[in-house]
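Presented below is the structure to which this report refers.
The values are calculated or read from the model by the stated rules, or taken from the named source; none is laboratory data. These numbers come from a predicted model, not from an experiment. Here the Cβ positions follow ideal geometry from the backbone for every residue, glycine too, while neighbour counts run over all protein chains shown. Accessible surface areas use protein heavy atoms only, side chains included; no ligands, DNA or RNA. Shrake-Rupley method; radii C 1.70, N 1.55, O 1.52, S 1.80 Å.
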Amino acid sequence: MQSENRHAGETGTPHTAAETAPRAGAGAAVRAADAARPGTALVTPATATAERIVRAPKVLLHDHLDGGLRPSTVIELADAVGYRDLPETEPGKLAEWFREAADSPAKAQGDDGGKGLERYLETFAHTCAVMQTRDALFRVAAECAEDLAADGVVYAEIRYAPEQHLEAGLSLEEVVEAVNEGFREGERRALAAGNRIRVGALLTAMRHAARSLEIAELANRYRDLGVVGFDIAGAEAGFPPTRHLDAFEYLKRENNHFTIHAGEAFGLPSIWQALQWCGADRLGHGVRLIDDIHVAEDGTVKLGRLASYVRDKRVPLELCPTSNLQTGAAPSYERHPIGLLRALHFRVTVNTDNRLMSATTMSREFGHLVDAFGYTLDDLEWITVNSMKSAFIPFDERLAMINDVIKPGYAELKAEWLFQHAAGSSGVASGSATPGA
Ligand SMILES: O=c1[nH]cnc2c1ncn2[C@@H]1O[C@H](CO)[C@@H](O)[C@H]1O
Ligand SMILES: [Zn+2]
């Protein structure tokens with residue numbers, strides 16, 4: 001693979017050979033011989049090959065339940081409930097339809113005033129339509145946990161808006177309980193398949209609606225019963241987070257946790273409000289924080305007051321690269337602000353947002369970053385530890401996940417080269433690091 005020597009995009013930090021050199025000197029000498037052969041690339045103990053990325057422990061903080069259904073499940077559930085408005089009825093075609101429809105904003109030219117996100121969100125009408133019964137919610141939640149675990153995710157916080165699942169007569173409580181039971185079932189199935197995962201729910205309130213306090217209270221009621229926090233989502237333009245101040249103030253009084261979608265379709269004012277008026281613990285996306293970071297011709301970097309605050313306070317950024325490309329919040333993987341934000345040591349996390357609409361997985365998101373910025377397993381471990389530090393479960397549990405699951409997992413992957421070499425493996429990989437791409 002080529003990413004070892006590739007440079008970051010315009011806003012990223014160049015990765016020199018020295019920076020990406022293997023940590024063990026002897027390995028470098030052995031592998032250097034491989035690199036000299038035409039058509040091969042240097043593989044170090046920390047090289048993030050597609051296969052290693054899938055096996056690496058991963059943490060996911062920003063993923064929508066109604067944005068991650070299996071295409072075949074959408075079709076089966078639509079059949080079961082008599083929903084006739086699906087644009088395609090064959091799983092492959094339906095998957096492609098979702099990706100294409102969510103992708104269209106990226107193809108629009110110029111600054112569209114937040115319309116990119118609005119068009120992206122239209123696709124959720126179909127998934128929400130088939131998630132209106134207890135059985136459907138249970139199934140979608142169970143499959144979500146199973147799919148993430150199969151992709152090597154060990155901890156996930158999955159969000160959804162209970163108010164969008166009441167059309168067939170369920171109560172808010174019944175929705176939450178069905179999803180929680182589905183997650184528990186998915187965790188059990190994953191374990192039976194040899195994969196360990198823990199899943200917590202985040203309850204989302206829709207920012208254009210007026211139920212945020214009610215949903216915040218619901219999140220608080222279920223906080224020790226599978227719900228770990230709260231969020232607001234939906235169209236950003238015209239719906240500032242301060243519309244929902246009463247919900248955030250309530251949660252703060254209850255010592256509860258919340259994240260806010262901000263700085264995706266809208267820029268710095270939205271991020272500033274989410275932090276300084278609403279008191280968000282994390283930023284959903286926050287990618288437009290880049291507007292407050294100035295890189296001079298000579299490479300010196302100057303942070304504005306807001307960007308400084310975010311970095312100094314270690315505010316986690318829930319970045320979702322593919323989703324950002326689709327909504328037009330970033331121009332390409334190579335020029336995604338994550339390159340610069342990671343180099344400047346912001347509390348960067350990497351997420352999927354909507355696996356169905358973005359046709360992605362955690363492994364694919366990592367793969368895109370490896371291809372774009374030459375990230376190694378060390379970078380991916382750093383990101384994963386960042387995510388785990390930023391999770392909403394108690395500190396001792398986060399620490400155990402970091403020390404007993406994440407670090408040993410990456411150490412094991414990096415140690416493998418020792419024994420592969422002894423067995424005569426060439427250690428050479430080629431092509432893209434993006435799994436399944
Ligand atoms: O990237 C996003 N930005 C804002 N809202 C989103 C995004 N992805 C999904 N949703 C919205 O969140 C609801 C609950 O899961 C979804 O129905 C969708 O409308
Ligand atoms: Zn989102």
Single condition Arg198 does not satisfy, out of (1) within 14 Å of ligand 1 (Cβ to nearest atom); (2) under 21 Å from Arg282 (Cβ atoms): (1)
Which residue, of Thr349, Thr322, is within 27 Å of Gly67 (Cα to Cα), touching a residue at least 12 places away in the same chain (Cβ under 8 Å), part of a helix (DSSP H, G or I) and among the hydroxyl-bearing types (Ser, Thr, Tyr)? Thr322
Show the residue pairs that are 6+ apart or on different chains and have beta-carbon atoms under 6 Å apart, the first residue being within the stretch 286-306 and closer than 14 Å to Trp272 by Cβ, the second being open to solvent by 50 Å² or more (accessible area, probe 1.4 Å). Leu306/Trp272
Which residues, counting only those in the stretch 263-288, are closer than 26 Å to Ala125 by Cβ and open to solvent by 40 Å² or more (accessible area, probe 1.4 Å)? Phe266
Out of Glu76, Glu19, sole residue that is among the acidic types (Asp, Glu), modelled with pLDDT under 95, open to solvent by 50 Å² or more (accessible area, probe 1.4 Å) and part of a helix (DSSP H, G or I): Glu19
Based on what the data block shows, is Ser332 open to solvent by 10 Å² or more (accessible area, probe 1.4 Å) and either in contact (Cβ under 8 Å) with a residue 40 or more places away in the chain or assigned to a loop (DSSP other than H, G, I, E, B) (or both)? yes
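Yes/no per residue for (1) buried (at least 20 other Cβ atoms within 10 Å of the Cβ); (2) over 24 Å from the mean Cα position of the chain (by Cα); (3) outside any loop (DSSP other than H, G, I, E, B):
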{"residue": "Glu173", "(1), (2), (3)": "no, yes, yes"}
{"residue": "Phe183", "(1), (2), (3)": "yes, no, yes"}
{"residue": "Ala190", "(1), (2), (3)": "yes, no, yes"}
{"residue": "Gly194", "(1), (2), (3)": "no, no, no"}
{"residue": "Thr204", "(1), (2), (3)": "yes, no, yes"}
{"residue": "Ala209", "(1), (2), (3)": "no, yes, no"}
Out of all the residues in the stretch 373-408, which are of a type in the set (Gly, Ala, Ser) and open to solvent by 20 Å² or more (accessible area, probe 1.4 Å)? Ala400
Inspect all residues belonging to the stretch 253-262 and state whether any of them is surrounded by fewer than 23 Cβ atoms within 10 Å (Cβ to Cβ) and touching a strand residue (DSSP E or B) at 6+ places or on another chain (Cβ under 9 Å). yes
